[in-house]
Every structure is written in C-alpha cells, then in structure tokens.
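A quick write-up on the structure given underneath.
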Amino acid sequence: MFDTIPGQERAKALFRRALAGGAPSHAYLLTGPEGLGKVEFAREVGVALVASCGGCGACAECERARRGAHPDLRVIAREGERIRLEQINPLVAELALKPFTAERRVWVLPEVEQLTPEAANKLLKSIEEPPAHVHFLLVTDRVERVLPTVVSRCQLVEFHPLSDGEVE
C-alpha cells in the first residue's frame, strides 16, 4: 500500500495505524500543495478500507477497487466547474445502504473546495453523523476554500513537499 506515492511518511503511518487498529475515522481531509499525490493516496486508502485483505494491492479485490469497479468505493469528481448538489444528493441517499460486498462504504471527493455552497452544506450533514460503516476521504489543494464546518468535522491530514532526497 502507498508504494507508488513518494514521501508523506506521516500520512502513511497515520493510515497504517488506523487500518491496523480497525477504527479509522469517519472523515479525513487530505490537504497540501498540488502535485503531491493526495488523490492517488485517498484512492489507495479507499481500496484498503473496502478490500477484505486490507489493501494488499495484489489480489483481485484490490485490482477491482483500483479500476473503479468496487461497489463500495465511489469517487465523486466534479462535473464542469463545480461539484453540484445533484452529485451529492445520490451520495446522501446511499448512506443508509449497507455495504454491498465489503464491511465499509467509502466516498472519495477530490477537489472538495469545488463544492457549491448547497452541495457543501448537504455533505456537511452527512459528515457530521454518518452510519458506522461510512467513510469520507476529502481532498483539497486549498483548505481555505473549504467550508470551515466541513474542515472541523474531518481529521486533517497534511501533505508536505518532498525533500530533495525523496525527489532523488
């Protein structure tokens, strides 16, 4: 897990502990400068959360989740300029559903700063008290543009530029 993502040892350690302990937070906000692999990282965490192997990366279940074919792992990308309420409403409607094949359901939201105000407020209600089997992995390059109440409901995971040694 995380083999293709250079650096970010703190974030990797945080998620390894959370996954090993069996009690990951219901919502994480991955933040930091653009180009550090945050979205790829969030997808890898999502794979680990839904795969029965814990994200070995080698089994058919991991491969299916990485391909975007796992029914319990969804990525909500913006359509056009913003992430609209029409994209968040189906997510909220599905929260009460039990996982299809995994023990958890996971939503990854890249560019969470692109939520319209209506979509952000709708998502906020879901992040505040989701069912126990639901996890959110929100990603942003601009945390200052994310609704402060959304930020306050998430565990913040900061990504930092790579050191010269890590780049080499």
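Take the conditions (1) open to solvent by 60 Å² or more (accessible area, probe 1.4 Å); (2) free of Cβ contacts under 8 Å to residues at least 24 places away in the same chain; (3) within 15 Å of residue 46 (Cα to Cα); residue 144 misses just one of them, which is (3). Considering region 28-48, and only residues there that are in contact with a Leu (Cβ under 7 Å, 6 or more places away or on another chain) and small (Gly, Ala, Ser), the residue that is nearest to residue 146 (Cα to Cα) turns out to be 42. Reported count of residues in region 52-63, each being open to solvent by 70 Å² or more (accessible area, probe 1.4 Å) and within 16 Å of residue 135 (Cα to Cα), is 1.
Residues 14, 49, 36, 30: which one is modelled with pLDDT of 85 or more and in a loop (DSSP other than H, G, I, E, B)?
Only one candidate passes the filter, namely 36.
Condition test on residue 5, is it hydrophobic (A, V, I, L, M, F, W, C), without any contact (Cβ under 8 Å) to a residue 40 or more places away in the chain, surrounded by fewer than 22 Cβ atoms within 10 Å (Cβ to Cβ) and under 20 Å from residue 134 (Cβ atoms)? For residue 5, the condition - hydrophobic (A, V, I, L, M, F, W, C), without any contact (Cβ under 8 Å) to a residue 40 or more places away in the chain, surrounded by fewer than 22 Cβ atoms within 10 Å (Cβ to Cβ) and under 20 Å from residue 134 (Cβ atoms) - is not met.
Residue-wise test of (1) crowded, with 16+ Cβ neighbours inside 10 Å; (2) of a type in the set (Lys, Arg); (3) in contact with a Cys (Cβ under 8 Å, 6 or more places away or on another chain); (4) farther than 21 Å from residue 151 by Cα.
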{"residue": "19", "(1), (2), (3), (4)": "yes, no, no, yes"}
{"residue": "50", "(1), (2), (3), (4)": "yes, no, no, yes"}
{"residue": "65", "(1), (2), (3), (4)": "yes, no, no, yes"}
{"residue": "79", "(1), (2), (3), (4)": "no, no, no, yes"}
{"residue": "116", "(1), (2), (3), (4)": "yes, no, no, no"}
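Scanning region 81-106 for residues that are touching a Leu at 6+ places or on another chain (Cβ under 7 Å) and either within 19 Å of residue 26 (Cα to Cα) or loosely packed, with under 12 Cβ neighbours inside 10 Å (or both) returns 88, 104, 106. Right, residue 42: open to solvent by less than 30 Å² (accessible area, probe 1.4 Å) and out of contact with any helix residue (DSSP H, G or I) (no Cβ under 9 Å at 6 or more places or on another chain) or not? Yes; evaluated as a whole, the condition is true for this residue. Comparison of 156, 138, 109 shows that the only residue that is within 15 Å of the chain's Cα centre (by Cα), modelled with pLDDT of 95 or more and open to solvent by 70 Å² or more (accessible area, probe 1.4 Å) is 156.
Whenever a residue of region 73-84 is without any contact (Cβ under 8 Å) to a residue 24 or more places away in the chain, its partners that are surrounded by 12 or more Cβ atoms within 10 Å (Cβ to Cβ), lying with C-beta atoms within less than 9 angstrom and at least six residues away or across chains, give the pairs 79/87.
The values are calculated or read from the model by the stated rules, or taken from the named source; none is laboratory data. Keep in mind that what you see is a predicted model, and the values were worked out from it rather than measured. All Cβ positions, even for glycine, are placed from backbone atoms using ideal geometry, and neighbour counts span all protein chains on display. Note: accessible area is taken over every heavy atom of the protein model, side chains too, but ligands, DNA and RNA are not part of it. Shrake-Rupley method; radii C 1.70, N 1.55, O 1.52, S 1.80 Å.
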